[in-house]
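Novice: First, the structure itself, so that you have it in front of you.
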Amino acid sequence: MVRRYLSVLFCVAAGAAPLAVGAADGVLDPSFGTDGATFVVPDGVEGHELRANAAVTLPDGSVLVGGSRNKFINGSPDPHMRGTLVHLRADGAVDTDFGNIPGIPGLRVLPDIQPGTQMQIVEAVVPLEDGSILLAGSAEAFGPLTGFIVKLGADGNLDPAFGEDGIVRVTGTYVHALGVDDQGRIVAAGERSSPGLDRAILARFDGSGQPDPGFGTDGIVALGAEDESGYLRTLAITGDGAIVAGGMAAVPDEIFGSIYTFLIVRLGADGQPDAGFGENGRRTFVLPANTSPYNGVNRLVVDAGGRIVFGGYYQDDASEVQVVFGRLTADGSDDATFGDPAMPGYRPVALATGAWNRYVSGLARQSDGKLVASITYAIPDVRQGFMAVRLDADGALDGGFGQDGVFQLDLAPSGIYSDSTALTLQGGRAVLAGASQRATGSRLVDLGIVRLENDGIFTARFDD
């Protein structure tokens, strides 16, 4: 079983006793699901592959996981992907009453968002105080690219009072991240795509899904110069309504012509750049003394003092994509109190030896300031598994979590691979979600969800 495998994984040395499951942070919590794990299994008819891109914890401790379902059609090599949502009870049991696919209990598949498109994927989930749920993502492939925001009632059905029969569509746009401010306004982040250029954008809507006319042009703020490529992958909304977002920008470079840099922007509640942050509300940057042409921000969180912690990526001298964490002060400067003393403000983390890429797929802050991140990576011809790291408040790997700060688990020990692509904190405990192909002779890819132990101090009301 999963728990027995993990005990073997965390043996500290040959002949040493394995760590007791539940005795330390960063090991499977056996009270969740079955031995710490829950699987939602496709039936091979209505679905063949289930994937996760976002996870959130509700006030009652239950968990929502948003992503996609791919369905194979005989005679067609094309994808047939639809946005999905799964509801887990607080103990990890799948809420079978929430689903709408009889053959896959607990799985709710969204309707066809943009007819003709074959890839429709949920990338963000935001629960509202009244129990309703906002989902955001993009529809593309064989049809017009369309970003979307969907509003569901607590029962999972479309809210007909929102947008057009429950759906807001933004033509020619990818939507990757979503937030709601204290006035109920909805903010989306992504990029507007045109031939040869993807331009980073933020969009704002009122609670009914109508574009906010006071925000940019027709509710959309385009960032950077008109000819600057970029995207936004993550956002946070502060207590004063300011919007902080992160991603990538292509900027001129003497050696490469142009490079992709980290991009973090801060806008006021009025949609105008915050003049007190970076250079006119934005910062494009790379690691100190680093020549990587490929950099970007995947996830960020903002603390009560306005400091921004981000999880990003950069390319090393071997052309491998590595993970880095960083912290900026409220004015956008490097925070020298965070990270590696040799690189103040930043903490590169070496993970998954032999992988050719590594990305932060989820980031959350515990009540004590420690940071938990899920990691997705790819290793040619080497097994891929769930991975998470925890840093202390100052950016050092936390040796009290997993093994030297890193949790690793092969969630498909008899199959092909597993991959952790979403993270949430549930009562301070990390919940990871992702794909798991558990059988070598099958095309089916399950949705896997695991919960990790912590010391029991932290509670959900403090979690970011």
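Every number here is computed from the coordinates shown, using simple stated rules; none is lab data. Remember, it's a predicted structure, so these values are computed and weren't measured experimentally. Here Cβ is always computed from backbone atoms with ideal geometry, including for glycine, and neighbour counts include all displayed protein chains.
Novice: Quick one: compute the contact order of the chain, relative version, from alpha carbon pairs under 8 angstrom and 6+ residues apart, as a percent. Working shown, then result.
Specialist: Details: 1324 pairs, mean separation 57.9, N = 464.
It comes to 12 percent, rounded to a whole number.
Novice: Next question, about the same structure. How charged is the neighbourhood of Tyr231? Take every other residue with its Cβ under 9 Å from the Cβ of Tyr231, and add Lys/Arg as +1 and Asp/Glu as -1.
Specialist: 0
Novice: Over the stretch 307-464, what is the relative contact order in percent, taking alpha-carbon pairs closer than 8 angstrom and at least six residues apart?
Specialist: Working: 400 pairs, mean separation 25.3, N = 158.
Over the stretch 307-464, the number comes to 16 percent.
Novice: Count the net charge of all other residues whose Cβ sits under 11 Å from the Cβ of Asp97, scoring Lys and Arg as +1 and Asp and Glu as -1. Display every interim value, and only then the final one.
Specialist: On the way: positive: Arg89, Arg108; negative: Asp95, Asp155.
So the surrounding residues net to 0.
Novice: Okay, next question. Let a ≥ b ≥ c be the square roots of the eigenvalues of the Cα gyration tensor of the chain; is it rounded (a/c under 1.5), or, if not, prolate (a/b larger than b/c) or oblate?
Specialist: On the way: a/c = 1.43, a/b = 1.09, b/c = 1.32.
The shape class here is rounded.
Novice: Antiparallel as a % of all DSSP beta bridges within the chain, to the nearest 5?
Specialist: Numbers: 148 of 153 bridges.
Bridges in the chain are about 95 percent antiparallel.
Novice: Determine the shape class of the stretch 228-293: with a ≥ b ≥ c the square roots of the Cα gyration tensor eigenvalues, call it rounded for a/c under 1.5, and otherwise prolate if a/b is greater than b/c, oblate otherwise. Numbers along the way, then the final one.
Specialist: On the way: a/c = 2.43, a/b = 2.31, b/c = 1.05.
It comes out prolate by the Cα gyration axes.
Novice: At a 10 angstrom cut-off on C-beta neighbours, averaged per residue, how do the peptides 337-345, 240-248 rank from highest to lowest?
Specialist: Values: 337-345: 15.8, 240-248: 22.6.
Output ranking for 337-345, 240-248: 240-248, 337-345.
Novice: Evaluate the distance, in nm, between pseudo-label points positioned 7 Å from the Cα of Ala161 and of Thr337 along their respective Cα→Cβ axes.
Specialist: Inter-label distance under the simple model: 4.5 nm.
Novice: What ranking of Lys151, Lys370 emerges when the number of other C-beta atoms within 10 Å of each C-beta is taken as an exposure proxy, fewest first?
Specialist: Numbers: Lys151 23, Lys370 20.
Exposure proxy ranking, most exposed first: Lys370, Lys151.
Novice: Also, quick follow-up: By the gyration tensor of its Cα atoms, with a ≥ b ≥ c the square roots of the eigenvalues, what is the shape of the stretch 139-222: rounded for a/c under 1.5, prolate for a/b over b/c, or oblate?
Specialist: The shape class here is oblate.
Novice: What ranking do 99-108, 272-281 get when scored by the average of other Cβ atoms within 10 Å per residue, highest first? Can you show the working numbers first?
Specialist: Details: 99-108: 19.0, 272-281: 16.1.
Averaged packing, sorted descending, gives the order 99-108, 272-281.
Novice: Could I ask something else about it? Summing +1 for each Lys or Arg and -1 for each Asp or Glu, what net charge is found among the other residues whose Cβ lies under 13 Å from the Cβ of Ser132?
Specialist: Once all neighbours under 13 Å are counted, the net charge is -3.
Novice: Sticking with this structure for a sec: If I take R0 = 22 Å and measure r between the Cβ atoms of His80 and Asp130 in this structure, what FRET efficiency does the formula 1/(1 + (r/R0)^6) give, to the nearest 0.05? The partial results should precede the final answer.
Specialist: Working: r = 33 Å, r/R0 = 1.51.
Result of the calculation: an efficiency of 0.10.
Novice: Treat the count of other C-beta atoms within 10 Å as a stand-in for reagent exposure and order His48, His176 from fewest to most.
Specialist: On the way: His48 18, His176 25.
Placing the least packed residue first, the sequence is His48, His176.
Novice: Mind checking the full-extension length gain between Asp43 and Asp218? Use 0.36 nm per residue of separation minus the Cα-Cα distance, one decimal, nm. Mind dumping the intermediate values first?
Specialist: Values: separation 175, 0.36 × 175 = 63.00 nm, distance 4.33 nm.
Additional length available on full extension: 58.7 nm.
Novice: Per the helix-only calculation at 222 nm, which mean residue ellipticity applies to the chain, given -39500 (n - 2.57) for every DSSP H run of n ≥ 4 and division by its residues, nearest 500 deg cm²/dmol?
Specialist: Computed mean residue ellipticity for the chain: -500 deg cm²/dmol.
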